[in-house]
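A.B. asks: Would you mind keeping the following structure in view while I ask a few things?
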Amino acid sequence: MFGAPQSREEPAHPGRAGWEGALASPRRSLEPLEPEGPSPAMLSTFLSPVASASLDPPEHFPLRKTASEPNLKVRCKPRKCLDRRKNPLTRKESAPPSLKRRPPEAIGEEGPGSLCHLCVPGVAVSPPCARGPCVTSVCPGSLCHLSGDAGPAPDAVLCPQALLWDSFQRVQQQLLKRQPLADPPVVPPGHRPLSRAQSSPATASASLPAQDTKALALPVQEPQPHFTTGLVYDSVMLKHQCSCGDNSNHPEHAGRIQSIWSRLQERGLRSRCECLRGRKATLEELQCVHSERHVLLYGTNPLNRLKLDNGKLAGILSQRTFVMLPCGGVGVDSDTIWNELHSSNAARWAAGSVTELAFKVATRELKNGFAVVRPPGHHADPSTAMGFCFFNSVAIAARQLQQKGKLSKILIVDWDVHHGNGTQQIFYRDPEVLYISLHRHDDGNFFPGSGAADEVGAGPGEGFNVNVAWAGGLDPPMGDPEYLAAFRTVVMPIAQEFCPDVVLVSAGFDAAEGHPPPLGGYKVSAKCFGYMTKQLMSLAGGAVVLALEGGHDLTAICDASEACVSALLGHEVRASVPQ
């Protein structure tokens, strides 16, 4: 919006005569915590009747929540099959059970195999055997025979209890004395060792060694964004193409951004950057720069128009006109093609992606950035699409930074070979946006014809619009000496005095060598574009965002894009700077 000038000292501008004079001669590993024999986790696992299957693989029996206490008094109601009056294994309740330990030759050495003496759900019931190594005479899944209420069980039942109690005491003594634990038992292939049961009172009450306790804590590390260069690109923008299907008839085609994106990958630059997908600009964001009619005309397609006011939309659509192109396709003018299904989405995606990247850089979430987007935008004014452009992406990003980002000073540098007439018109009366353009002018005879040196802004914005308008045609064509001299004597001094909060660059590369006269004709090198990027990084704390505008020779725009991204990443850039 065009408001009154801020109460601050404005940078002086040299005026028409000053600029014309200045530019008259421009050519210059985790270890399991398990002791020898059964661990506290294994004890608490098999002493509990409550299932907890969340920690085991599906093929294993679920871990059980322990109900044991240090004195191993397990109390549960005896089942009917173990009734004291009918079960011959029960005795009269008397003193606590005398825990008997069976000799090793009867039950084998203590170790991981000793845990098989417990009743596990699903194990077949066999007759009691007092001498056998395994007690399976108890009902599967029931530990009622260990209850003090039912009386002491016979030796065939008490042997595993004595074994468990003995193992429990040894483990607790080792933990209290902080003795190193033995190597874990060998587990058959395909099985993993049981983990420590966190609900076990015995293991929870014992203090573990500090190093082991740390090993149990596995903090989840969330990915952190890198403070580096951001790249934004999306294949949605490739669908904007003429219905004729022949890119040779159209300089602005999908191969432009495809080639740049591939080059950045081949050179290893993409892997050093933070790659973003971008987003689609909303209709409200577009209307911060463009008229409602323009937004509805070029920001909608037959699929999303169903959500809009049909009455208003019908009136607007009836006013639009298209031209038939020589290739057989349709365009809004002889240069700017229109695809009814895909052009609006691509244009809105380009504007939204530049805006998203600009906000991430302005808020210092990213160091700087480069937006590989199409269609371009700097020719689009508030109510007209022209020069391959529908929505002015850089202008929309700047306006959003003003309104939502609350930034008071934004610098826009436009080094496309064509003047950004749309951007100039949008901010012509705005003193908070300094617009500087370097372009081929030829006294108004080069497209779009605007951008003379005396166009310096109006009203509050007077002095905040600077045009470095090259004249003299192509005899000889402008190149690195002229652009570097302009940067040294005009662009950087004015920008440093303005002291912007963020720098947006309409980075068109059609001034690069390789473009024929109708599309450029100049001979600016890729290194020069990289050097100009490096110079702008000295402003605004390095918060610089480049958005692709023009440029149609694939080799030239890939070389220039590579040089600019390298500069943004902080790589050394060398160029012949004129004295």
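A.B. asks: Sort Leu238, Leu357 by heavy-atom solvent-accessible area, probe 1.4 angstrom, most to least.
C.D. replies: Numbers: Leu238 35, Leu357 0 Å².
In descending accessible area the options line up as Leu238, Leu357.
A.B. asks: When you count, for each residue, the other Cβ atoms within 10 Å and take the mean per peptide, how do 283-292, 341-350, 478-487, 418-427 rank with the highest first?
C.D. replies: 418-427, 341-350, 478-487, 283-292
A.B. asks: If you bin every alpha carbon distance in segment 442-576 into 5 Å steps from zero, what whole percent lands in each bin?
C.D. replies: Percent of pairs per bin, in order: 2, 10, 17, 22, 23, 15, 9, 2, 0.
A.B. asks: Rounded to the nearest whole Å³, what is the per residue volume of the convex hull around the Cα atoms of segment 245-321?
C.D. replies: 165
A.B. asks: Still on this structure, I have one more. Heads up, I need the accessible area for Cys275: 1.4 angstrom probe, whole protein in place, Å², nearest 10.
C.D. replies: Result for Cys275: roughly 70 Å² accessible.
A.B. asks: Summarise the accessible area of segment 303-355 (1.4 Å probe, protein heavy atoms) by the percent that is carbon and sulfur.
C.D. replies: Values: 1510 of 2590 Å².
Carbon and sulfur atoms account for 58 percent of the accessible area of segment 303-355.
A.B. asks: Quantify, in whole percent, the carbon and sulfur part of the accessible surface of segment 461-573 (1.4 Å probe; protein heavy atoms only).
C.D. replies: The C+S portion of the solvent-accessible surface of segment 461-573 is 52 percent.
A.B. asks: What GluC sites (Glu not before Pro) does segment 499-579 have in DSSP loop regions with at most 15 other beta carbons within 10 Å?
C.D. replies: Sparse-neighbourhood loop GluC sites (Glu not before Pro): Glu572.
A.B. asks: Using a 1.4 angstrom probe, figure out how much accessible area segment 307-465 has per residue, in square angstrom, rounded to the nearest whole.
C.D. replies: That works out to 32 Å² for each residue.
A.B. asks: Can you give me the % of accessible surface on segment 366-452 that is carbon or sulfur? Probe 1.4 Å, all protein chains present, nothing else counted.
C.D. replies: Exposed carbon and sulfur together represent 46 percent of the surface.
A.B. asks: Convert each backbone phi in segment 365-374 into a coupling constant with the Karplus relation 6.51 cos²θ - 1.76 cosθ + 1.60 (shift: θ = phi - 60°), then list the ³J(HN,Hα) values in order as whole Hz, x for Gly and Pro.
C.D. replies: 6, 10, 6, 6, x, 9, 9, 8, 10, 7
A.B. asks: Which links in Lys406/Lys527; Lys280/Lys406; Lys409/Lys527; Lys312/Lys406; Lys404/Lys534; Lys280/Lys312 stretch past 31 Å when you go from one Cα to the other?
C.D. replies: In this structure, Lys406/Lys527; Lys312/Lys406 lie more than 31 Å apart at Cα.
A.B. asks: Please report, to two decimal places, log10 I(q)/I(0) for segment 291-366 at q = 0.16, 0.26 Å⁻¹ as given by the Debye formula with identical point scatterers on the Cα atoms and no solvent.
C.D. replies: With no solvent term, the Cα-only Debye profile gives -0.71, -1.22.
A.B. asks: Which whole-number value in Å³ per residue fits the convex hull of the alpha carbons of segment 360-466?
C.D. replies: 104
A.B. asks: Kindly report, to the nearest 10 Å², the accessible surface of Glu497 as traced by a 1.4 Å probe over protein heavy atoms only.
C.D. replies: 110
A.B. asks: Here's something else I'd like to know. From the phi angles alone, apply the Karplus equation (6.51, -1.76, 1.60; θ = phi - 60°) to segment 542-550 and give each ³J(HN,Hα) in whole Hz, x where the residue is Gly or Pro.
C.D. replies: Going residue by residue, I get x, 7, 10, 10, 9, 10, 5, 10, x Hz, with x marking Gly and Pro.
A.B. asks: Using only the Cα atoms of segment 343-408, what are the Rg and Dmax in Å?
C.D. replies: 12.0, 34
A.B. asks: Also: Please list, ordered by chain and number, the residues whose modelled amide H lies under 5 Å from the amide H of Cys275; skip anything fewer than 5 residues away on the same chain.
C.D. replies: The answer is Leu231.
A.B. asks: Would you mind putting 261-269, 313-321 in packing order, based on average other-beta-carbon counts within 10 Å, highest first? Walk me through the numbers on the way to the answer.
C.D. replies: Details: 261-269: 15.7, 313-321: 11.1.
Result, highest mean first: 261-269, 313-321.
A.B. asks: Rg over Rh of segment 512-579, using C-alpha atoms and the Kirkwood radius, what does it come to?
C.D. replies: Rg divided by Rh gives 0.99.
The values are calculated or read from the model by the stated rules, or taken from the named source; none is laboratory data. What you see is a predicted model, and the numbers here were worked out from it, not measured in a lab. Because the Cβ atoms are built from the backbone with ideal geometry, glycine has one as well, and the counts that use them run over all protein chains shown. Keep in mind that these areas ignore ligands, DNA and RNA; they rest on the heavy atoms of the full protein, side chains included. Shrake-Rupley method; radii C 1.70, N 1.55, O 1.52, S 1.80 Å.
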